[in-house]
1. Given the conditions (1) surrounded by fewer than 18 Cβ atoms within 10 Å (Cβ to Cβ); (2) over 15 Å from residue 1 (Cβ atoms), report the number of the one that residue 38 does not fulfil.
2. State all residues of region 59-85 that are crowded, with 18+ Cβ neighbours inside 10 Å and in a helix (DSSP H, G or I); if no residue qualifies, say none.
3. I'm told residue 92 meets every condition in (1) farther than 12 Å from residue 6 by Cα; (2) more than 11 Å from the chain's Cα centre (by Cα) except one. Can you identify the failing condition by its number?
4. Please pick out the residue among 90, 74, 110 that is at pLDDT below 95 and either within 23 Å of residue 9 (Cα to Cα) or β-branched (Val, Ile, Thr) (or both).
5. Which one is farthest from residue 95 (Cα to Cα) among residues in region 13-56 that are among the basic types (Lys, Arg) and free of Cβ contacts under 8 Å to residues at least 40 places away in the same chain?
Amino acid sequence: MKIVVPTDNKKEIEDRVAEHFGRCLTYTFLNEKGEVVEIIDNVSEHGGGQGLPPELMKDHGVNVLLCRELGPRALNLCKELGIEVYVCQAETVREIFELWKNNKIKKAGAEDVCESHKL
């Protein structure tokens, strides 16, 4: 299992969770034990590259996305690609992983997309 958290630096498990999934600077990848296995720059179209963030996640073998916010298009594409999405307002990678591991955050639904993306 591979888990991803959108982040804004390369501070490993103590990094701050980015405010928005697609607009982060980096993505921190964890294994099921919460160990950092990789950190990459956001090279999706939001980061000046190509492709959508969920496609980038799928290319890296992600099964679970833990984030603070995302838009409806990203949520739907994650679902289509088989990536489970969980949202909460955790501050650090460690905190959001621990909440997820202990079943203390909810799976994202249409009501959880960020307000700026709602129609």
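1. Exception for residue 38: condition (2).
2. Selection gives 74, 75, 77, 78.
3. Result: residue 92 passes all but (1).
4. Details: 90 fails: at pLDDT below 95; 110 fails: either within 23 Å of residue 9 (Cα to Cα) or β-branched (Val, Ile, Thr) (or both).
Residue meeting the stated conditions: 74.
5. Among those residues, the one meeting the criterion is 23.
A quick yes/no check of all residues on (1) surrounded by fewer than 18 Cβ atoms within 10 Å (Cβ to Cβ); (2) over 13 Å from the mean Cα position of the chain (by Cα):
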site	(1), (2)
5	no, no
8	yes, no
11	yes, yes
14	yes, yes
19	yes, no
22	no, no
27	no, no
50	yes, yes
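The values are calculated or read from the model by the stated rules, or taken from the named source; none is laboratory data. Treat the numbers as computed from the prediction; the structure is a model and nothing was measured. Ideal geometry is used to build each Cβ from the backbone, glycine not excepted, and the neighbour counts take in all protein chains shown.
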